[in-house]
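In what follows, a structure is listed as structure tokens, so that the remarks can point back to it.
The values are calculated or read from the model by the stated rules, or taken from the named source; none is laboratory data. Since we're looking at a predicted model, the values are computed, not measured. Ideal geometry is used to build each Cβ from the backbone, glycine not excepted, and the neighbour counts take in all protein chains shown.
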């Protein structure tokens, strides 16, 4: 029976896609990594990676074993953990949308960090679709993303945390004629669109479809901060999620305009692997939103 250390080596190779990179993480040479993997393959009587001169690629047999090996390692680490304390500690690597850090997730993270001072959270900013691949391959312990419009891989789970209504924003001092009717605004005013290749961009397109409007696109960006600033400066209008930690009523440059014809909200949730070693942290995130679900938003 292979040691847990060998199983961790296997998972490191899966994560990094090479013996050299896995060895750099673990502190072994690529040759030593290769010997461990070959020993594991001999014991299991099956090849787990397809090898070329420069790369190793997980094959079908290897992919089938990943969830079971992750579960074994997780169970071992749970046994080896200090059972006298349930305090969260160590480093967690999380992905988060920048807009999530402007929203309710920032409150959750701040609260958990105050409760567990020995916990270190490394945050990587990015897009939901990129985070899916990184969580699946073990590069991230979890990620705060919006609900995927596509089916997720079987080894991933997504838990809803909170919802954000989709609203129309317009400048208080526009450089163009601004109608009082929201649909007329969408038809005639320059439209600042969120990148339509992203999951949130897909939601914006769905809002426009429900409104039965084809706007005049003036610009397409993948940053809500940039979009809001361009609208604030008077150069267009946009559809954005109503982020929880933005003080909308006091914004002197923006008007927030509800879209009564629209029944679309942006669902933000926690993406994680079915089996992983930092469930204490991800459970704390989920519990925060369960405890704070009834609290009013700004």
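Yes/no matrix, rows are residues, columns are (1) surrounded by fewer than 16 Cβ atoms within 10 Å (Cβ to Cβ); (2) at pLDDT 85 or above; (3) assigned by TED's automatic domain parsing to the domain that holds residue 136; (4) in a helix (DSSP H, G or I):
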position	(1), (2), (3), (4)
13	no, yes, no, yes
25	yes, no, no, yes
31	yes, yes, no, yes
34	no, yes, no, yes
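The number of residues in segment 155-199 being touching a helix residue (DSSP H, G or I) at 6+ places or on another chain (Cβ under 8 Å) and surrounded by fewer than 13 Cβ atoms within 10 Å (Cβ to Cβ) comes to 1. Here is the figure for segment 36-57: residues that are in contact with a strand residue (DSSP E or B) (Cβ under 6 Å, 6 or more places away or on another chain), closer than 23 Å to residue 275 by Cα and surrounded by 13 or more Cβ atoms within 10 Å (Cβ to Cβ) total 1.
Checking the structure you have, find out if any residue of segment 261-279 is surrounded by 15 or more Cβ atoms within 10 Å (Cβ to Cβ) and in a helix (DSSP H, G or I). Yes, the conditions are met somewhere in segment 261-279.
When 251, 217 are checked against the criterion of being more than 24 Å from the chain's Cα centre (by Cα) and without any contact (Cβ under 8 Å) to a residue 24 or more places away in the chain, 251 stands alone in meeting it. If we keep just the residues of segment 36-58 that are at pLDDT below 90 and part of a loop (DSSP other than H, G, I, E, B), which is nearest to the chain's Cα centre (by Cα)? Restricting to residues being at pLDDT below 90 and part of a loop (DSSP other than H, G, I, E, B), the top hit is 55. Can you confirm whether segment 232-249 contains a residue that is assigned to a helix (DSSP H, G or I), surrounded by fewer than 19 Cβ atoms within 10 Å (Cβ to Cβ) and modelled with pLDDT of 90 or more? Yes, because at least one residue in segment 232-249 is assigned to a helix (DSSP H, G or I), surrounded by fewer than 19 Cβ atoms within 10 Å (Cβ to Cβ) and modelled with pLDDT of 90 or more. Among all positions in segment 199-211, there is no residue which is part of a strand (DSSP E or B) and in contact with a strand residue (DSSP E or B) (Cβ under 6 Å, 6 or more places away or on another chain). Flag set for residue 269, criterion: outside the structural domain of residue 133 (by TED's automatic domain parsing) and under 30 Å from residue 66 (Cα atoms). Being farther than 30 Å from residue 14 by Cβ, surrounded by fewer than 15 Cβ atoms within 10 Å (Cβ to Cβ) and either under 28 Å from the mean Cα position of the chain (by Cα) or in contact (Cβ under 8 Å) with a residue 12 or more places away in the chain (or both) is a description that applies to residue 223.
Any residue at all in segment 109-120 that's closer than 30 Å to residue 215 by Cβ, out of contact with any helix residue (DSSP H, G or I) (no Cβ under 8 Å at 6 or more places or on another chain) and in a loop (DSSP other than H, G, I, E, B)? I'd like the intermediate steps shown before the answer.
Filtering segment 109-120 down to residues closer than 30 Å to residue 215 by Cβ leaves none.
No: zero hits.
So residue 138 passes all but one of these: (1) surrounded by 15 or more Cβ atoms within 10 Å (Cβ to Cβ); (2) at negative phi; (3) under 16 Å from the mean Cα position of the chain (by Cα). Which condition number does it fail? Unmet for residue 138, out of (1) surrounded by 15 or more Cβ atoms within 10 Å (Cβ to Cβ); (2) at negative phi; (3) under 16 Å from the mean Cα position of the chain (by Cα): (2).
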